[in-house]
């Protein structure tokens, strides 16, 4: 491991030396000082963006990438502050979070990751209407982009948006985002889990509203949930996916659906025994897209 003294000595003599700052940031990462390393990265990127060091005449694409990197680092700091395992979410830290997000949105107005982080903060403050506004703004920036458009957020960012939609019971946009994710990767374990969880929540809401949500009965929604969760379980096992809590929640939801008498949907005809291997069912459904969620009107947002 490199010593921080050398980099610190250079910075004492040349406070704006970018190479020394980069070196110190790497050392901090090696030492496990994640927050200090993020702060150093933000400072370096900000200096580059302003053109004071290496990037005097940035092409537009490079400038956009720098802005995105700054925001990603800032959002990472926000996530550290808000992570309950760090026990940092107190009054002083809330001001720090506000400042970080303000800087992020000043650096890159309309950035989806920053807006999603702001929505999380608003939800923690029990301000759901403001959280919805943030999510709508974040989603509107890219929801009409083609799947191969480089401006489309990465899948983890889109799945994080889905989770926020579900927390706010915004089921239709959650399903539409998931549809785009699965069009890019129909083997994504978390996407199948979130779709199953979404249908499960919709089924519960349908029961509360007299048995239907739009034109779908709670049983139909519950069956869709059962199918998606079973697919998730198969993929999780086959891939050796590391997220054990996710699998435990899947099994918990499936057990609840089983207790309600909800079974997986039959797919096609078989040789007469009335059963098919669920892995074959899963493959057939992913290939043919026979899930019922697309019957839900995109014009309706379910609260």
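Each value in this text was obtained by applying a stated rule to the coordinates, not by laboratory testing. Treat the numbers as computed from the prediction; the structure is a model and nothing was measured. Note that we place each Cβ from the backbone using ideal geometry, even for glycine, and neighbour counts take in every protein chain shown.
Can you grab the distance from the C-alpha centre of the range 167-217 to the C-alpha centre of the range 101-161, Å, no decimals?
19
Beyond 14 Å, what share of the Cα-Cα pairs of the range 71-141 remains, rounded to the nearest whole percent?
Values: 1400 of 2485 pairs.
Looking at the range 71-141, the distances longer than 14 Å represent 56 percent of pairs.
Place the peptides 182-189, 170-177 in order of packing, highest mean first, counting for every residue the other Cβ atoms within 10 Å and averaging per peptide.
Going by the mean number of other Cβ atoms within 10 Å, highest first, we get 170-177, 182-189.
Taking the Cβ of each residue in 65, 126 as the centre, tally the other Cβ atoms inside 10 Å and list the residues starting with the fewest.
126, 65
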